[in-house]
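Asker: Just passing along the structure, written as structure tokens.
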Amino acid sequence: MKKTKIWMLAAILTLCGTNVLFTSCSDDDSEEPVKKEYFTQWNTCEALTALQEYVADVTNPVSKNYIPEEDRIATFDMDGTFLGELYPTYFEYNLLEYRVLDDPAYKDVAPDDVKETAQEIREFVRYGAKLPSQFDMKHAQAAAKAYAGMTVADFDAYVKAYAAKEANGFLGMTYGQSFYRPMLQVFDYLKANGFTYYVVSGSDRFICRALVAAIGIPSNRVIGMDVTLRSRSQGDEAGVNYTMGKEEDLIRTDELIIKNLKTNKVLQITQEIGKTPVLSFGNSGGDAAMHNFCLSNSYRSEAFMLIADDDARDHADREKALALGTQWREAGYHVISMRDDFRTIYGDGVEKVDFTFPVE
């Protein structure tokens, strides 16, 4: 009886052939193996076609452009590239505004210069006031102070608690859910084709880690703005002279190490990854240096810029976005139009609505 069962199993496996690796046997011997469709949330477009042709080329072992898996490195900006940034501004700006002006545990003890920065964000998002020049750095220095003294674990929990709030300007979505669904499919597609992708953001590294954990990106593949960390009892003693105890926490300090924008992105990629990417994705001038670095690779490489040109499903300035699209094409980057190329942005059930602000 056992021999009969073994013979029948062997016959079934033989009849199914290689299909057993992909799907169950079918009554129709002519049925093709089921293949995963990665881009169900995209429209047919130039940028997607370019990405698919590129991946097919560089993963083909007989192609002159073949890239070994260990060198298939892709880098992604975060805000505005695969995570929303128009609610009404960057997540980290919204978070600082809340921390300094609304959080009852901190607002009464915030330093004056930090309050000034948070107020400038508030006036920008509520009244359209222009941010001061070099505001990226001013914000980074204020943020370093605003979260100083928090443990790494407490800061992670703080970010995730704010991310659970309803995103301003949308119904049916929290800040932490505001991923561009079509771009998540790019991650899946690249992973299936042997690419390793990294988040390379101007936002705080630990904010990025807290947000992208929800989509399975490991913390060691996140590069961002950094502040100095210290062991709780370390004080001012240099880490090379101090031995951390078993029960000590790591805390954030107010010492800014780097704001990870423009050429700083290239420096950090080189420091932390040690390889030049072959694919680069971004959405602003802060990503151009990273793109140019990618395109300098001796391997065939490509760079992509998203433009926020969808003013029906997102809070976009279409005219500005289209001008940027022209600029990015002239720079040699592929342009992804959120309006034309994405079937959805945030997924079903998410509705754009007017921004709302408490009465002051």
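Asker: Could you tell me which numbered condition residue 2 fails, if it satisfies all but one of (1) of a type outside the set (A, V, I, L, M, F, W, C); (2) over 30 Å from residue 273 (Cα atoms); (3) at pLDDT 50 or above?
Answerer: That leaves (3) as the condition not met.
Asker: Which of the following residues is surrounded by fewer than 23 Cβ atoms within 10 Å (Cβ to Cβ) and small (Gly, Ala, Ser): 288, 303? First the steps, then the outcome.
Answerer: On the way: 303 fails: surrounded by fewer than 23 Cβ atoms within 10 Å (Cβ to Cβ).
Sole residue among the options that is surrounded by fewer than 23 Cβ atoms within 10 Å (Cβ to Cβ) and small (Gly, Ala, Ser): 288.
Asker: To continue, here is another question. Which of (1) under 21 Å from residue 291 (Cα atoms); (2) part of a loop (DSSP other than H, G, I, E, B) is the odd one out, the single condition residue 245 does not satisfy?
Answerer: Of the numbered conditions (1) under 21 Å from residue 291 (Cα atoms); (2) part of a loop (DSSP other than H, G, I, E, B), the odd one out for residue 245 is (1).
Asker: Next question. Return the residues of region 50-80 that are within 20 Å of residue 184 (Cα to Cα) and either over 22 Å from the mean Cα position of the chain (by Cα) or assigned to a loop (DSSP other than H, G, I, E, B) (or both); say none if nothing qualifies.
Answerer: Initially, region 50-80 is screened for residues within 20 Å of residue 184 (Cα to Cα), giving 50-56, 72-80.
Of everything in region 50-80, those that are within 20 Å of residue 184 (Cα to Cα) and either over 22 Å from the mean Cα position of the chain (by Cα) or assigned to a loop (DSSP other than H, G, I, E, B) (or both) turn out to be 53, 56, 72, 77, 78, 80.
Asker: Give the number of residues within region 279-326 that are among the charged types (D, E, K, R) and either outside the structural domain of residue 178 (by TED's automatic domain parsing) or closer than 17 Å to residue 198 by Cβ (or both).
Answerer: Filtering region 279-326 down to residues among the charged types (D, E, K, R) leaves 287, 300, 302, 309-311, 313-314, 317-320.
The next check asks that each one be either outside the structural domain of residue 178 (by TED's automatic domain parsing) or closer than 17 Å to residue 198 by Cβ (or both); those that pass are 287, 302.
Count: 2.
Asker: Failed condition for residue 176, given (1) without any contact (Cβ under 8 Å) to a residue 40 or more places away in the chain; (2) surrounded by fewer than 17 Cβ atoms within 10 Å (Cβ to Cβ); (3) within 22 Å of the chain's Cα centre (by Cα), with all others met?
Answerer: In the conditions (1) without any contact (Cβ under 8 Å) to a residue 40 or more places away in the chain; (2) surrounded by fewer than 17 Cβ atoms within 10 Å (Cβ to Cβ); (3) within 22 Å of the chain's Cα centre (by Cα), residue 176 misses (2) alone.
Asker: Tell me, please, whether a residue that is out of contact with any helix residue (DSSP H, G or I) (no Cβ under 6 Å at 6 or more places or on another chain), buried (at least 16 other Cβ atoms within 10 Å of the Cβ) and hydroxyl-bearing (Ser, Thr, Tyr) can be found in region 259-275.
Answerer: no
Asker: Given the conditions (1) part of a loop (DSSP other than H, G, I, E, B); (2) within 28 Å of residue 138 (Cβ to Cβ); (3) under 25 Å from the mean Cα position of the chain (by Cα), report the number of the one that residue 217 does not fulfil.
Answerer: Every listed condition holds for residue 217 apart from (2).
Asker: Right, another one. Return the total of residues in region 185-214 being under 14 Å from the mean Cα position of the chain (by Cα), part of a helix (DSSP H, G or I) and under 20 Å from residue 290 (Cβ atoms).
Answerer: So the count comes out to 8.
Asker: Take region 309-336 and flag every residue that is within 15 Å of residue 83 (Cα to Cα) and out of contact with any helix residue (DSSP H, G or I) (no Cβ under 6 Å at 6 or more places or on another chain).
Answerer: Listed by number, the residues that qualify are 313, 314, 315, 316.
Asker: Of all residues in region 256-283, which are over 17 Å from the mean Cα position of the chain (by Cα) and in a strand (DSSP E or B)?
Answerer: Result: 256, 257, 258.
Asker: If the requirement is being free of Cβ contacts under 8 Å to residues at least 12 places away in the same chain, surrounded by fewer than 16 Cβ atoms within 10 Å (Cβ to Cβ) and touching a Ser or Thr at 6+ places or on another chain (Cβ under 8 Å), which of these qualifies: 123, 166? Step through it out loud before you land on a result.
Answerer: Working: 123 fails: touching a Ser or Thr at 6+ places or on another chain (Cβ under 8 Å).
Residue meeting the stated conditions: 166.
Asker: Tally the residues that are among the β-branched types (Val, Ile, Thr) and in contact with an Asp or Glu (Cβ under 8 Å, 6 or more places away or on another chain), restricting the search to region 169-195. Steps first, please.
Answerer: Within region 169-195, the subset among the β-branched types (Val, Ile, Thr) is 174, 186.
With the extra rule that they be in contact with an Asp or Glu (Cβ under 8 Å, 6 or more places away or on another chain), the set shrinks to 174.
Counting residues in region 169-195 that are among the β-branched types (Val, Ile, Thr) and in contact with an Asp or Glu (Cβ under 8 Å, 6 or more places away or on another chain) gives 1.
Asker: Let me ask something additional. Out of 236, 154, 226, report the one residue that is assigned to a helix (DSSP H, G or I), surrounded by fewer than 20 Cβ atoms within 10 Å (Cβ to Cβ) and not small (Gly, Ala, Ser). Even if it seems obvious, please write down each step before you answer.
Answerer: Working: 236 fails: assigned to a helix (DSSP H, G or I); 226 fails: assigned to a helix (DSSP H, G or I).
So the residue among 236, 154, 226 that is assigned to a helix (DSSP H, G or I), surrounded by fewer than 20 Cβ atoms within 10 Å (Cβ to Cβ) and not small (Gly, Ala, Ser) is 154.
The values are calculated or read from the model by the stated rules, or taken from the named source; none is laboratory data. These figures come from a predicted structure and were not determined experimentally. Cβ sites come from the backbone with ideal geometry, for glycine too, and all protein chains shown count toward neighbours.
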